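Participant: First the structure, then my questions, so here it is.
The values are calculated or read from the model by the stated rules, or taken from the named source; none is laboratory data. Remember, predicted model here, so these are calculated numbers, not experimental data. Every residue, glycine among them, receives a Cβ derived from its backbone with ideal geometry; neighbour counts consider all protein chains shown.
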């Protein structure tokens, strides 16, 4: 827990959600979405290039964030616990953003959530920009 297998992308996408934040190394690929409160806005937290979703642990533990937002964070390919891709050819922000959107859609499409993006660093900001225009 919690990994989401994206076979069309060749990725096991690591993710975490509130109300509890777990940075787990378990390799289960069964989707275990957090319970999203439909009355709260949802933030998707994107880490910087040299980091992982572990960088957002303070937001996940902050009562002001926890009481106000649903939060989702994922490890980008080649960061943290996300696995599956091989570094062949170019590794682009567009590929990472596509993986993020596909994982969010797979986990939460039935709930029809609206997502706001909160990014850190150049990598996170570029990824969020790509997601916003996609």
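Participant: Evaluate the following for residue 105: is it modelled with pLDDT under 90, within 16 Å of residue 134 (Cβ to Cβ) and under 13 Å from the mean Cα position of the chain (by Cα)?
Facilitator: On the way: modelled with pLDDT under 90: yes; within 16 Å of residue 134 (Cβ to Cβ): yes; under 13 Å from the mean Cα position of the chain (by Cα): yes.
Taking the combined requirement at face value, the residue satisfies it.
Participant: Okay, moving on. Can you tell me which residues in region 96-118 are free of Cβ contacts under 8 Å to residues at least 40 places away in the same chain and closer than 18 Å to residue 50 by Cα? Explain how you work it out, then say what you get.
Facilitator: First pass over region 96-118, keeping only residues free of Cβ contacts under 8 Å to residues at least 40 places away in the same chain: 96-97, 101, 105, 109-110, 112.
Those that are free of Cβ contacts under 8 Å to residues at least 40 places away in the same chain and closer than 18 Å to residue 50 by Cα: 96, 97.
Participant: Okay, next question. Checking residue 121 against (1) touching a residue at least 40 places away in the same chain (Cβ under 8 Å); (2) crowded, with 17+ Cβ neighbours inside 10 Å, which single condition isn't satisfied?
Facilitator: Answer for residue 121: the failing condition is (2).
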